[in-house]
Amino acid sequence: MSARDEWKTLNRCRRGLVAAYLRHYRAAGYLEAAPLPVTSHQDESVIFVGAAISALKKDYIFPGKIPAGGLVIAQNSVRTRNIKNMLDDDFDPKWGSYFTNIDTVFPYERKEEAFSQVLDFFYNKVKLAPEDLLLRVRSGDEELYRLIRERGCPTVEVDAHPEKYYRHTVGIDGVYGENFNFAVRHKYTGEYSDVGNFIIFRDRQSQKPLFMEVGFGDTVIMQAKYGLDHVMDCYPFPRHPALDRNYKFKDCIITSQAMMREGLRPSSHDEQSKILYKYLRSVHYFAGQAGLKPQELSQILHHSEAMIFGNVQAQPAMTALLAAKSERIEELNRKTLLDLQKRRDGR
């Protein structure tokens, strides 16, 4: 199988993973909720939609209308922590900015049933052996620790991290989460990587349980299960020397396209537009590093978008913007690189 065919196969597997998750929980009686655009402003606690919980707050969580049977959702998500260091050659991000969060939210009373359902998903749908799924838990979180002990899971890690590792925020005042984490063993290295959480959300003052959530990232599961070098290997980018091992370039391309496909454009007027501009500046920078001519970059953007998203909507605008703002982008990137060098010199 060629590398390109392998990437296409992995992309189908990634989409299949998301579809399997939705089918698994719909069959168990969960209601499928509609996702938001990643550029939605519905959840004012975030700049971009970075998790499925943002799509569920307004209609279900805030009014206390989580169905008794639970909710399931597949939410495309953007987390932009990579962008502040993207031009730093020493920065090697482990995760990509763009992924799909597959998620369930349900009443606290379904805790035991939900735990059985998620194990069934991993063992029978993802086809993981029990020893390939590690549960990372804090013994002080008695309910979660007891849930795992009573189930007799074969691979459990206890108290290996600081307490904050087992805590979750949700962007709701007075609410916090206690969680244990799921980690999947890499097919080739044997190392376990975190892929998601099992969370009890509580009232901070009374400690009363309010609701629960179980959620995962599609690309991190794929990376471990299929033994990929990086989560960006899940996406079928065209074969090109400029892309082959440049995961930051790929990250900037797919994240920019995801934003622009929803109509966002770069500007200095709001935080979303400013962040998009930084991603586009990084696309320009990596293209320049690789010696790509404008036509070559345009073709890469066109084929990447077609292969990953199924059609081409953002590429013409991206190409035009990069050409029109080329001099200004180069000026800003020179300043960023100078700042990075000063930071290194000051260490």
Total residues in the range 21-31, condition in contact with a strand residue (DSSP E or B) (Cβ under 7 Å, 6 or more places away or on another chain) and part of a loop (DSSP other than H, G, I, E, B):
1
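Could you say whether any residue in the range 104-123 is modelled with pLDDT of 95 or more and on the phi > 0 side of the Ramachandran plot? If you could, list the steps in order and put the result at the bottom.
First, pick out the residues of the range 104-123 that are modelled with pLDDT of 95 or more: 104-123.
Still in the list and also on the phi > 0 side of the Ramachandran plot: none.
No, every residue in the range 104-123 fails to be modelled with pLDDT of 95 or more and on the phi > 0 side of the Ramachandran plot.
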Are there any pairs with C-beta distances below 9 angstrom linking a residue in the range 170-188 that is on the phi > 0 side of the Ramachandran plot to a residue that is acidic (D, E) and assigned to a loop (DSSP other than H, G, I, E, B), with the two at least 6 apart or on different chains, and if so which?
G171/D43; G171/E44
Select from the range 32-84 the residues that are assigned to a loop (DSSP other than H, G, I, E, B), touching a Leu at 6+ places or on another chain (Cβ under 6 Å) and crowded, with 19+ Cβ neighbours inside 10 Å and list them in ascending order.
A33, T39, V49
Go through the range 189-208 and report how many residues are touching a residue at least 24 places away in the same chain (Cβ under 8 Å), farther than 24 Å from Y21 by Cβ and open to solvent by less than 40 Å² (accessible area, probe 1.4 Å).
1
Scanning the range 169-183 for residues that are modelled with pLDDT of 95 or more and more than 21 Å from R149 (Cβ to Cβ), the one surrounded by the most Cβ atoms within 10 Å (Cβ to Cβ) turns out to be Y176
Do we find that V214 is closer than 18 Å to K111 by Cβ, in contact (Cβ under 8 Å) with a residue 40 or more places away in the chain and in a loop (DSSP other than H, G, I, E, B) in this structure?
no
Can you find even one residue in the range 147-154 that is assigned to a helix (DSSP H, G or I) and touching an Asp or Glu at 6+ places or on another chain (Cβ under 8 Å)?
yes
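Only one of L87, L135 is outside any loop (DSSP other than H, G, I, E, B) and either loosely packed, with under 12 Cβ neighbours inside 10 Å or over 19 Å from the mean Cα position of the chain (by Cα) (or both). Can you tell me which?
On the way: L87 fails: outside any loop (DSSP other than H, G, I, E, B).
Unique residue meeting the criteria: L135.
The values are calculated or read from the model by the stated rules, or taken from the named source; none is laboratory data. Note that this is a predicted model, so its numbers are computed, not measured. Here Cβ is always computed from backbone atoms with ideal geometry, including for glycine, and neighbour counts include all displayed protein chains. The accessibility values were calculated without ligands, DNA or RNA, using every heavy atom of the protein model including side chains. Shrake-Rupley method; radii C 1.70, N 1.55, O 1.52, S 1.80 Å.
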